[in-house]
Amino acid sequence: MEHIVINGQQPLVGKVQIGGAKNAAVAIVPAAIAANGICIIENLPDIKDVQNLAASIEKLGGKCRFLDEGKTLEVDASCITTHVADYDLCAKMRSSYYLLGALLGRFGKAEVSMPGGCDFGYRPIDYHIKGFEAMGAKCVLEHGWVKVSAEKLTGANIYLDFPSVGATINLMLAAVFAEGTTKIENAAREPHVVDTANFLNMMGAKISGAGTDIIRINGVNELGGGRYTIIPDPIEAGTYMIAAAITNGDITVENIIPKHMDHLTAKLRDMNCQVEEGEDSLRVYRNGDLKGCDVKTSGYPGFPTDLQPQMATLLCTACGASVVTETVFNNRFQYINELKRLGANLKVEGRTAVTKGNCTFTGAQVAATDLRSGATLVLAGLAAKGETTIGNIFHLDRGYENLESKLRALGADIKRVVVEE
Ligand code: EPU
């Protein structure tokens, strides 16, 4: 078992290169199944979820080859021989649901285990299923498997009750081969939805409107391969921006799209941080004491739920009270119990967490409960007096590349240790 050990209260200073976006990568790698040719995907984050998706494609009979230290992946899906995905690999990741849309689109059938991934309570995939059914597919859930099949996929008008990122992308994946036009209304507008649409269009798909709440897909018969570069990760970038503020440091996040960070930039400025914008970078440092502010998560361009835990942690250390409201998931405050071991003064009432602020974290032994909770415990540990030990760090390896080495280069006292179980 591995732990992360941090000796806190070092101000982090310097530049950090942000990797490719996890939530774009985990959609674009399965999307390569749609191509009847070789896809070369660049700027991938070197993380476990991407490795598991590549392994899943290999188990289907496809060929995957990592190049450039895991940052580039060559996928040849022309040799896929089965529509049944490896149960255990898929049960480890939420994003394995994209294999459903990709295989259904290309082969008319798919069998994938119910997805795993971060546990924020009930995470249904009913919008995905309803959308596939609207396109003419039959869907069965049995023995832990999701099985979908269609004699012929036909374009449909689909309205999502909530702008779900996963459902929007999955329905695009299936619809690229459906006969006629599919319209997705109340679609998610996240940058990784746009990135996936751009990737599919590069291969010959006909998708318009991605980035707005209405996406139209005109079905085609075949997609070819090609070369594509994934967008930078706004959540990784945001985590380092918050690290600058929480350690009273001065960090420049590089290789990013500043526009994708507007939600966080605005909040950090409200909190009395200086955020200086370059062409593909943002520099963050404090002007003085941090001030509290209120944050409410929502779909893009609103404040992302994937930065809610990190932001709530930062707000604990500000002067004055703050209110954090989570509107995307019904149970995304479970990190707070662990954060309290480090001294957090957060009180939860339903979907709202309130902090009085003025908290100084003190090191303790804690365990990550999911990916972003792991990141938040790292941030609190970096700010804490004394030593913090974080367990269950496999969660972090699913989504943050080279976390310790990037933080060490900024001056953090952080290491990974192997401990006896
Ligand atoms: N929802 C349904 N039915 C569905 C799909 C979603 O009720 O069929 C509900 C969910 O329960 C939730 C809301 O709709 O309340 C939004 O869920 P969404 O589908 O947008 O989330 P997701 O596809 O499960 C992806 C990311 C998450 C990120 C969310 C929101 C991947 C693999 N996961 O999840 O990423 O939090 O979108 O942006 O892309 C993370 O990176 O830490 C992470 C959890």
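Tabulated results
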read-out: Rg/Rh ratio calculated on Cα atoms of the chain (Kirkwood radius); value: 0.98
read-out: Only Lys, Arg (+1) and Asp, Glu (-1) charged, at Cβ; the stretch 146-214 dipole about Cα centre in debye; value: 160
read-out: Inter-site label distance for residue 349 and residue 262 at 7 Å from Cα along Cβ, in nm; value: 3.3
read-out: Shape of the stretch 114-172, Cα gyration tensor, a/c cut at 1.5; value: oblate
read-out: Highest to lowest packing among 388-396, 406-414, scored as the average C-beta count within 10 Å; value: 388-396, 406-414
read-out: Radius, Kirkwood style, for the stretch 1-160 when every pair of distinct Cα atoms is counted (Å); value: 17.1
read-out: The stretch 107-172: GluC sites (Glu not before Pro) in DSSP coil with no more than 13 other Cβ atoms inside 10 Å; value: 151
read-out: Förster-model FRET efficiency, 22 Å R0, residue 58 and residue 145, C-beta, rounded to 0.05; value: 0.65
read-out: Between helix 22-31 and the chain: long-axis angle, C-alpha atoms, 0 to 90°, nearest 10; value: 10
read-out: In sequence order, calculated HN-Hα J values of the stretch 397-412 (Karplus, 6.51, -1.76, 1.60; Hz; x Gly/Pro); value: 5, 6, x, 10, 7, 6, 4, 5, 5, 5, 5, 4, 5, 8, x, 6
read-out: Crossing angle, helix 191-202 versus the chain [Cα axis fit, 0-90 degrees, rounded to tens]; value: 30
read-out: Charge-dipole axis of the chain as Lys and Arg at +1 and Asp and Glu at -1 on Cβ define it, positive-most pick from 318, 38, 93; value: 318
read-out: Inter-probe distance in nm under a simple model that places probes 7 Å from Cα toward Cβ, at residue 329 and residue 269; value: 2.9
read-out: Added length on full extension, which subtracts the Cα-Cα distance from 0.36 nm per residue, residue 417 to residue 130; value: 98.8 nm
read-out: Rh (Kirkwood; distinct C-alpha pairs) - the stretch 318-421, Å; value: 14.6
read-out: Pairwise centroid distance, computed over Cα atoms, of the stretch 132-207 with the stretch 365-421, Å; value: 36
read-out: Intensity falloff of the stretch 269-366 expressed as log10 I(q)/I(0), Debye formula with alpha-carbon point scatterers, at q = 0.21 Å⁻¹; value: -1.11
read-out: Stretch gain in nm, segment residue 67-residue 181, where the contour uses 0.36 nm per residue and the Cα spacing is subtracted; value: 37.4 nm
read-out: Set of lysines near residue 138 by C-alpha distance (under 18 Å), chain-local residues within fewer than 8 positions excluded; value: 109, 130, 147, 152
read-out: Lysine pairs within the stretch 268-421, Cα separation less than 27 Å, 8 or more sequence positions apart or different chains; value: 17
read-out: Cβ-Cβ FRET estimate between residue 340 and residue 13, R0 fixed at 22 Å, reported to 0.05; value: 0.15
read-out: Most mobile listed residue (55, 21, 243) in the chain, GNM with C-alpha springs under 10 Å; value: 55
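Coordinate-derived values only; no laboratory data. Computed from a predicted model, the values in this text were never measured in an experiment. Cβ coordinates were reconstructed from backbone atoms using ideal geometry, including for glycine residues, and neighbour counts include every protein chain displayed.
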